[in-house]
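Everything below concerns the one structure shown next.
The values are calculated or read from the model by the stated rules, or taken from the named source; none is laboratory data. Fair warning: this is a prediction, and the values are worked out from it, not measured in the lab. Please note: Cβ atoms are built from the backbone with ideal geometry, for glycine as well, and neighbour counts cover all protein chains shown. Heavy atoms of the whole protein, side chains included, go into the accessibility calculation; ligands, DNA and RNA do not. Shrake-Rupley method; radii C 1.70, N 1.55, O 1.52, S 1.80 Å.
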Amino acid sequence: MPAGGREPKRKRSAPLNGGGSEVASSGLAMAPSSSVEDADALDCGVCFLPLKPPIFQCEVGHVVCSPCRDKLKATGKCHHVCGVATGSYRLCHAMERLVESIRVPCPHAAHGCTARPAYHDRDGHRPACPHAPCHCPGEACSFLGSTSALLDHISEVHCWPCITNLEADKYGEFAVHLHDGFDFLLADCPTANMKQGATATVQCLLLLTVARQPVGRTICVLCIDPHAAAAAAAANGGDGPAASKQMECRLTYYRPWDFNDNNHHGGHQVWDHYQQSNFRVACTDLSDGMPNPDGCFQFVLTDSVIGAYDRDGIEVRVRIYKYTGRCV
């Protein structure tokens, strides 16, 4: 064990062309079998995180990242390997060019991503990758793919209702006709609070589930987000730059007065009804299956309200106030 009590890291092999990472150069042809036998050479010798510019080097030749160089100023020495004064650190342009030139495939390459971020930025690309996979909500289905692939899958394989051409009205709401079971909506959701005049949007895949109950029907709303698991792990103290995500939603059900029903007093008990709820929506990649409905808000419509008016489906109005995160 080296001085300072730190256990040396295990060497990692990083293939270059054709198998993982590549050196980007305009005039250099790399052999397909070329590889970096010790990928730790691309990491900071203090924090062991991937090196990225600016990179500093001491007189002996040790390279460290900028944050570690700043922290080492208080000790007056390089780090546990040598005792060179930190004042002798200088920029290492050769190492900066090297780490910028080494490219690695996206972790989601198998799902269609062709991006090849720099080695030090591979974790930065992951939470923004549009090809991150999510699971099918079907109980016995093992499909795993990007959001666009999932949309094709649920339409072609399961034939579940899927609306992709939603247009919001001037109030930011859109009307949808829901059937029993799964209903999928691809909607433009604001990335800030619409109550404060937000206009920026991002496409999100929503799953609205209508379930029959003894007293009527319930509607549950989920956001299928392929980055939800990584965001939750980061929010709970895990590694990575992802942030916790949340969605705020409003559901409105309105059964208007039927002026053609002359027997509304002696017939159906309700001839005019308005119901609205504002609530938070869970974001999930469905890797653990469908969440327990008891853990989600359930919008309840009783049979006495629905009656025969919506027996073939329920028409509701949906409004998303805010979504923080990345989706489709």
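Checking each residue in the range 293-309 for being polar (S, T, N, Q) and over 10 Å from Cys220 (Cβ atoms) picks out Thr302, Ser304. Within this structure, Leu144 passes the test of being in contact with a strand residue (DSSP E or B) (Cβ under 9 Å, 6 or more places away or on another chain), open to solvent by 50 Å² or more (accessible area, probe 1.4 Å) and among the aliphatic types (A, V, I, L, M). Scanning the range 309-326 for residues that are over 24 Å from Lys170 (Cα atoms) and at pLDDT 65 or above, which turns out most open to solvent (accessible area, probe 1.4 Å)? In this case the residue turns out to be Arg311.
Taking the criterion of being surrounded by fewer than 19 Cβ atoms within 10 Å (Cβ to Cβ) and either closer than 30 Å to Ile55 by Cβ or more than 16 Å from the chain's Cα centre (by Cα) (or both), the residues of the range 119-141 that qualify are Asp121, Arg122, Asp123, Gly124, His125, Pro127, Ala128, Gly138, Glu139, Ala140, Cys141.
Somewhere in the range 232-249, is a residue surrounded by fewer than 19 Cβ atoms within 10 Å (Cβ to Cβ) and at pLDDT 85 or above?
We begin by selecting, within the range 232-249, every residue surrounded by fewer than 19 Cβ atoms within 10 Å (Cβ to Cβ); these are 232-241, 243-244, 246.
Next, only the ones that are at pLDDT 85 or above stay: none.
Among the residues of the range 232-249, not one is surrounded by fewer than 19 Cβ atoms within 10 Å (Cβ to Cβ) and at pLDDT 85 or above, which makes the answer no.
Being open to solvent by 20 Å² or more (accessible area, probe 1.4 Å) and among the aromatic types (Phe, Trp, Tyr) is not true of Phe174.
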